[in-house]
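Beneath this line is the structure, given in structure tokens, with notes to follow.
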Amino acid sequence: MNAIDSREEWLRAELVKAASLVGTARRLLATGTMVDLTALEGRIRLICEGVTRLEQESGRALRPNMEALLADLDQLDAALRAAAPAVNSGDSG
């Protein structure tokens, strides 16, 4: 395994970890628990930086994983937006 392959595998593993963080955040939101997204933000930053350093073919190989993560993030965004009115109404009292 060369350095490019190991970097690609590392990024693939990071994408899986990020997806797990997104899933956990969505489950916590569903129970009304506040969610700290700092760890997720940091992991996404590392993934983005890592992908920009890949050769084009290696980046293409990760595209399905990245698209899946984007879909998960869109679902988390929707869950956060849906939870926002409940949080805001709780702050007013």
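The values are calculated or read from the model by the stated rules, or taken from the named source; none is laboratory data. This structure is a prediction, so every number in the text was calculated from the model and none was measured. Because the Cβ atoms are built from the backbone with ideal geometry, glycine has one as well, and the counts that use them run over all protein chains shown. Note: areas computed on protein heavy atoms with side chains; ligands, DNA, RNA excluded. Shrake-Rupley method; radii C 1.70, N 1.55, O 1.52, S 1.80 Å.
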Notebook entry, point to check: What spacing in nm lies between the two simple spin-label points modelled at residue 7 and residue 41, each 7 Å away from Cα in the Cβ direction?
Noted result: 2.7
Check: Taking all protein chains as present, what is the carbon and sulfur share of the accessible area of the chain, in % to the nearest whole number, probe 1.4 Å?
Finding: 56
Note to self: Based on Cα coordinates alone, diagonalise the gyration tensor for the chain, multiply each eigenvalue by 5, take square roots, and list the semi-axes in whole Å, largest first.
What the structure shows: 33, 11, 10
Check: Taking the Cα atoms only, what angle lies between the long axis of helix 3-30 and the longest principal axis of the chain, rounded to 10 degrees?
Finding: 10
